[in-house]
Amino acid sequence: MITMTHYLVFSLLLFCISIAGIFINRKNILLLLMSIELMLLSVNTNFIVFSHFSNDITGQVFVFFILAVAAAESAIGLAIIVALYRVKNSIEINLINKLKG
Amino acid sequence: MISNILSLLIWVPILSGIILYFYNRNEKILNIYNVLINFFVLALSIYLLINFKQDVEAFQFIEKYNWINTLNIQYFLGVDGISTLLIILNTIIFFIVSIYNLNLKIDKRNQYYASFLIANGLTIGVFSSLDAILFYIFFEALLIPMFLIIGIWGGANRIYASIKFFIYTFFGSVLLLISFLYINSKISSFDINYLYDANFTLVEQEWLFIAMAIAFAIKIPMFPFHTWLPDAHVQAPTSGSVVLAAILLKVGAYGFIRYVLPVVPIGAMSLDIYFIILSLIAIAYVGLIAITQNDMKKLIAYSSISHMGFVTLGFFIIFQLFEKTSNVDDLIISLSGSLYQIISHGFVSASLFICVGSIYDRYKTKKISDLSGLLNQMPVYSWFFLFFALANCGLPGTSSFVGELLIIISSFKANFIYAFISSSTLIISAFYSLWLVKRVIYGEIKIDLDKNIDANNLEKLILFTLALIIIILGIYPDFIMNFMNTSLRHISETIIFKL
Amino acid sequence: MELLLLFIPLLLLTSSLIVGLSSNNLGKISAGILSSTLVFVALIFSSIILFNIYKHEDQILYENFYNWISISSLEIGIGYLIDKFSAVMLFVVLLISFVVHVYSISYMSEEKDFKRFFSYIALFTFSMILLVMSNNLIQLFIGWEGVGLVSYLLIGFFYKKESAIKANLKAFLINRIGDMFFILGIAMIYALFDSFDYRTIFININKVDFENLDSYFGLSYLDLSCLFLFIGAMAKSAQIPLHVWLPDSMEGPTPISALIHAATMVTAGIFMVGRLSPLFELTDFTNSFILIIGSSTALFMGLIAIYENDIKRVIAYSTISQLGYMVAALGISAYTVSFFHLFTHAFFKALLFLCAGSIIMSLHHNQDITKMGGLRSKLPVTYICFLIGTLSIIGFPLTSGFFSKDLILEVMLDNNSTISFVSYNMLLIGALVTVIYSLRLLFIVFHGDFRGGKLSSIKEQSMIILLPLILLAIFSLFSGYLIKTFVDMPIYFYGLKDIHYEGMLPFISHGILSPASIALITGFFAAKILYKDERKFKMLNSAITIKLKSFIQTKYKFDELFIYSSNKTKKISSLLASKFDIGLIDGFIVNGLPKKINKLSQILKSLSSGYLYHYAFLFVFSIVVIFGIILARIL
Amino acid sequence: MDILSILFYLVASVIILSSIALIVVNNTVHAALLLVLIFFNSAILWLMLQAEFLAIVLVLVYVGAVLVLFLFVIMLLDIQVKKNISKKMYLLFSVFISLIMFIELYMVIFYHDFASIQKEITISELGNTYDIGLSLFTNYIFSFEVTAFILLVAIIAAIAINLNVKQRSLKQNPGKQVLESKESRLKILKDEEL
């Protein structure tokens, strides 16, 4: 029998992997975005798990919103990456440190 | 009887100053306008002086309007004997400065005048506001014109000096605001009369005292907070130095007598020893430092600090006096000494700065080592300078003697050591003042300008007026004493009542 | 009478202001004559007052004519308290001042700043009168400072001369040391009596419970306050160790050396102690202190005069020494005796100075006595006057100095205590020394051969110079006969010490037979042999005497002490300024704090590298840490 | 072990493995394809949790739109694939941090009693889509509108960011040309001024 804990541990694993992904990635900003998508996915899974097991539809409604916002976010993120590429001719993260204090 | 005379005194110079900021056409009109406004303010303040009733204990010429109801802030003006005198000091000094400024050759003349006019109005505001927040606003706003005067028309290192000046005093002001807000949270009023009636616990009083005392000690300035003053003086233009020494320092002292001692006397009493020690250090140590300064303005600045040490000493020994004699008269004598010292120092330091400024205008140097034997080339100036230097070391017959005498005799009643250290100023002040005279005024001429560079008639008039005021205050101090007496008695009784 | 008393200071103030502030329209001579006339009028007024005071026994004029400060209980007025004591002083001051005024018309006639000079001496006389007639301590202090100020201005009269402006600064500063203690003493008296007024103090003096007062440094309250007052007097009256300013003050014009640094201002200290004698009378330690200071000053400063070569400095040291006599007399509570010596000394010392001035003028501003000699024939009037002055100072019988000095010695001997006996012997040796240096001066300057070139060009001065000399000479000769007045003189209402005096003739005969006469004779022969006949003795070249001589010539290193301490003060000052004020407060705290904050922000700045993964790492890491903390607290 | 459990373990292990592959892979195209795989499998998981509407949305919207967008960008940018990880330190650090994170969160899951919030699972007769729609258009109608607006903003923002305002071609601007005067173009200097 698959209990709630199974799902939670699964999404936790997914989350930690995507965090590791953010750090490991030093070259490609696209991979960073993908890691974020992954993270969102794990969060969404959590929402759905709780929604399912507590028999409350609200969690799923929120997943809906998150999906919408994530879509918007990745759209803008990609747009920024394209713009960045135009300027720097590269999308390597370790070449971008304009914010250096 | 002019109603709203205090508002007029405050807002006429400020508004005309603002107008002047935008007017920059005819220099002649500018000069006349500036002098006229200052004269008008002087005349108004003299009118105030004449109509002031000396034996009335309460505040007079009261104007009271609600301003911000939710925060209990009022537009509340009024004067007692102390503030009237300080307003007079203020208007006289600003009038003299406005005349002195006619001789200057500077850029942006209109804005220079405007800064002084605004400073004039704001200072009157400080001295006449009876609402703590209103006081705070004027107190703070006063920084702006002074900051501009030092920062724009100052010497080579003016930016550093002005920023130092600003941050130093601003730091203190924050503490002041906090303590006012705390008081308001307790008694829900900023009204001075309620402040006088308020009672706080010992711990509260101590904290309030520390916060407010630091704010005003920076302004005066007292010993460890004094280092902004020499820099500001050295960099400020002459008229700026005059105003700084004669007026701005007095604002701090006024704050002590109006907002610290009567409001939190128990806190002051429990911590007075520290402030007495600081005052004594200011008198002896800062005086010692003044001796070897090579910049005349710096020397006078240090001597100012040393003299202001007397003022604070006079303020803080009253508690020990009360413990020893429990006679209200002793308190009044000590406080009178302090206030007299304030007024006298206003004139003496102003005159010294004017003298030094004029020497600088001619020789383009303030360094003592560069100058010598000015008596040969500009005798009138030199004699005035000598006179003011002697006044600075507290010679009887000049105004500074009165204050020092009263404080020394009172401090003896409090403690032998206080009197001993404070009277050492007789030696130290003579040392720095007269050594300065010896090096600058006497001797053979060093830089021969080979021109007739002695004081012109305008400068003679200014110096003569100042000298006359100093002498009159020296031989007829009762004029001022009578003025202050009732108010000081009121304040002393407030303090004693709360102890 | 009251009006006259008001007029005296006012006349002098007017004189000072008119002469000082007048434009060039007022010529030199007319200015001189104007101020001399005003002083003369004041002198006449003061004589009227003196006469009146002596006519009505026990009359004391007391009034406040101006309330200077009145704050609640504190009242300080300007007024007068004239008893016999101050009336005499008033007269002396005005007399010497008048004489000096007249003298200066001629003496200063070539100076550019002639009018300034007259303004100063009028101001000086004004301050001195304020001091003398004061009825309270503050007025006394005002006058006290006023005379100090004018002394300062006058010593620096030749402001281009480096030595003059050094001397005046020194004089003022040392006087200020005294003033500091003086005002402390005043504060102590005020704290005790709650008044500055003499009358109140004297009336209440018996009501004070002296036993229960605080004591400081093992001294009783009154002892300490009087000690402080006396330190003020020490500076003003040039007592060891605060005497160093007086010899240097000879940089000023000679008439003011006569007026200020011999006859009047320097005696202000004596006057003050006399004035406050009811207080000093009650002290114990302070009186002994005064006695020791006075007698050692009298002896040791006299010794220096023997080796001085500057004519004015010799007289200056002799002034200090004579002041020592007066102070010593104060120390045994013989206030009127001291005052008597002050009285006679004022005349003969002023006379000596003015004679010196006349000589200096004739020799075209040469003050070195080694370049003088044999002036007797060329300057006969000056010589006679100088001789009278010298005789007076050495206490030649029947001159004024004889009476006053002998009286001091007598009184000293009568006082039965060890200290006063030692002092008596010191003063006796001092008398011998006085004889030697005075006669040395006389012999070297007026006898022998001229050593400064041609003698023929030297002429006697005009009558304006000589008349004052003659007038003073008369006073020097005959003022001593007023001894009875002084012996009986009460100060305020206090008839003080019983002075053993049985009448003129017994006093004279006793005086001639006293040890002082032996000192006189010994001294005369010593001086005659050494300086007139200029005989050389092997003994004088022995190691000990040479050592002694060079020791005395160092002036006991007091000058060095003051130079050292003033240099030290400057050094400390600059050290404090650079190390503490600029270094610690400004450098470490005021500017240091922003610098530290800046450094910190530099460190923090490197945290924000601009790399995305660094931010993310920091972010996640912080979350992990915070989460860990929360977990640890929950579990 | 029932069939659902087997399915769960299978799907979960595919997701985990491919996500690990995703973060270490060098080729961006591969990464994107791995992401597609993950999303598909997640949709299966969600279906198991009876969230069929969301599962479908995930596939349609995410895989169909967003990931295609990713692929478009990857193709568009033509990125040279470089060796990714250069320093082992970073790897160590990231593994360490995520491990700690994992342990901490695992402790939360482990110690927390989730049974208390569990309720009996009832299956709506009208289906999951109906339920979501019902609460979306009643309780969350305002949030729904805002979401729509956010999407609109995102579209506009994406366009605005990439709208190339730089003038690359040489065009004439007659308006400016007319306004030019002689003085602004030509300055005549005298000898001494040179």
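Computed from the coordinates by the stated procedures, all read-outs in this text should not be read as laboratory data. Here the structure is a predicted model, which is why all the values come from computation and not from measurement. Counting neighbours? That spans all protein chains shown, and the Cβs are built from the backbone with ideal geometry, glycine included.
Grouping the Cα pair distances of chain C into 20 Å bins from zero gives a pair-distance distribution of 18, 48, 20, 6, 6, 2, 0 percent in increasing distance order.
Working from label points 7 Å from Cα in the Cα-to-Cβ sense, the A:Asn89 to D:Ser135 distance is 5.3 nm. Here is the list for segment B:365-468: GluC sites (Glu not before Pro) lying in DSSP coil, each with at most 14 other C-beta atoms within 10 angstrom of its C-beta, are B:Glu444. Using the rule -39500 (n - 2.57) for each DSSP H run of four or more residues, divided by the residues of chain C, the 222 nm mean residue ellipticity is -22500 deg cm²/dmol. Among the trypsin sites (Lys or Arg not before Pro) in segment B:82-138, those located in a DSSP loop and surrounded by at most 10 other Cβ atoms within 10 Å of their own Cβ are B:Lys105.
In order along segment C:177-186, phi translates into HN-Hα couplings of 4, x, 4, 4, 5, 4, 6, 5, x, 4 Hz, rounded to whole numbers, per the Karplus curve 6.51 cos²θ - 1.76 cosθ + 1.60 with θ = phi - 60° and x for Gly and Pro. Each of A:Val82, D:Val153 has some number of other Cβ atoms within 10 Å of its Cβ, and from fewest to most they run D:Val153, A:Val82. If exposed trypsin sites (Lys or Arg not before Pro) are those in a DSSP loop with at most 12 other Cβ within 10 Å, what is the longest stretch of chain D that has none? Free of exposed loop sites, the longest segment is D:1-81.
Filter the chymotrypsin sites (Phe, Trp or Tyr not before Pro) in segment C:508-613 to those in DSSP coil with at most 10 other Cβ atoms within 10 Å of their Cβ, and list the result. Loop-located and lightly packed - C:Phe537.
Straight-line reach from C:Lys55: taking Cα to Cα under 23 Å and skipping same-chain neighbours fewer than 8 places apart, the lysines in range are C:Lys84, C:Lys484.
Cross-linked pairs C:Lys170/C:Lys568; C:Lys160/C:Lys571; B:Lys298/C:Lys571; C:Lys312/C:Lys555: Cα-Cα separations exceed 20 Å for C:Lys160/C:Lys571.
Shown in residue order for segment B:17-25 are the 3J(HN,Hα) couplings computed by the Karplus curve 6.51 cos²θ - 1.76 cosθ + 1.60 at θ = phi - 60°: x, 5, 4, 4, 4, 9, 9, 9, 10 Hz (x for Gly and Pro). Expressed in whole Å with the largest first, what are the equivalent ellipsoid semi-axes of chain B derived from the C-alpha gyration tensor as the square root of 5 times each eigenvalue? Working through the eigenvalues yields semi-axes of 34, 27, 20 Å.
Amide H contacts of C:Trp68 (H built 1.01 Å from N, in plane; Pro and chain starts excluded): C:Ile76, C:Gly77, C:Ile78 sit under 5 Å, all sequence-distant by 5 or more or on other chains.
Taking 20 Å as the straight-line reach from the Cα of B:Lys53, the aspartates and glutamates in range (excluding those fewer than 8 positions away in the same chain) are B:Glu63, B:Asp80, B:Asp478, B:Glu493. Annotation: amide H-H contacts under 5 Å for B:Glu63 (H modelled 1.01 Å from N, sequence separation of 5 or more, or interchain): B:Leu77, B:Gly78. Ignoring the sites themselves, what is the longest stretch of chain C with no GluC sites (Glu not before Pro) in a DSSP loop and at most 12 other beta-carbon atoms within 10 Å? Counting at most 12 other Cβ atoms within 10 Å as exposed, the longest clean stretch of chain C is C:111-501. Cross-link partners for D:Lys119 among the aspartates and glutamates, with Cα-Cα distance under 16 Å and sequence neighbours closer than 8 places in the same chain left out: A:Asp56.
Taking a ≥ b ≥ c as the square roots of the eigenvalues of the alpha-carbon gyration tensor, segment A:4-95 is classed oblate because a/c is 1.5 or more while a/b is no larger than b/c. Eigenvalues of the alpha-carbon gyration tensor of chain D, scaled by 5 and square-rooted, set the equivalent ellipsoid semi-axes at 54, 28, 18 angstrom, largest first. As a calculated quantity, the FRET efficiency between C:Val625 and C:Phe217 at R0 = 51 Å, using C-beta atoms, amounts to about 0.20.
When chain D is modelled as a GNM with alpha-carbon springs shorter than 10 Å, which of D:Met75, D:Met89, D:Met48 fluctuates the most? In the Gaussian network model the winner is D:Met89. Fraction of C-alpha pairs exceeding 20 angstrom in segment B:227-383: 54 percent, rounded to a whole number. Taking 18 Å as the cut-off, the amide N atoms of segment C:401-436 that come nearer than this to a point 7 Å along the Cα-to-beta-carbon line of C:Glu502 belong to C:406-415.
For the residues of C:174-185, the average number of beta carbons from a partner chain within 10 Å of their own beta carbon is 5. The packing ranking, built from the mean of other Cβ atoms within 10 Å per residue, places the peptides B:367-374, D:143-150 in the order B:367-374, D:143-150, highest first.
Converting phi to 3J(HN,Hα) with the Karplus coefficients 6.51, -1.76 and 1.60 and the offset θ = phi - 60°, segment B:136-143 yields 4, 5, 5, 4, 6, 4, 4, 4 Hz in sequence order, with x at every glycine or proline. Backbone amide hydrogens, once placed in the peptide plane, bring C:Leu379 within less than 5 Å of nothing, excluding anything fewer than 5 places away on its chain.
For peptide C:575-586, the mean count of partner chain Cβ atoms within 10 Å of a residue's Cβ comes to 4.
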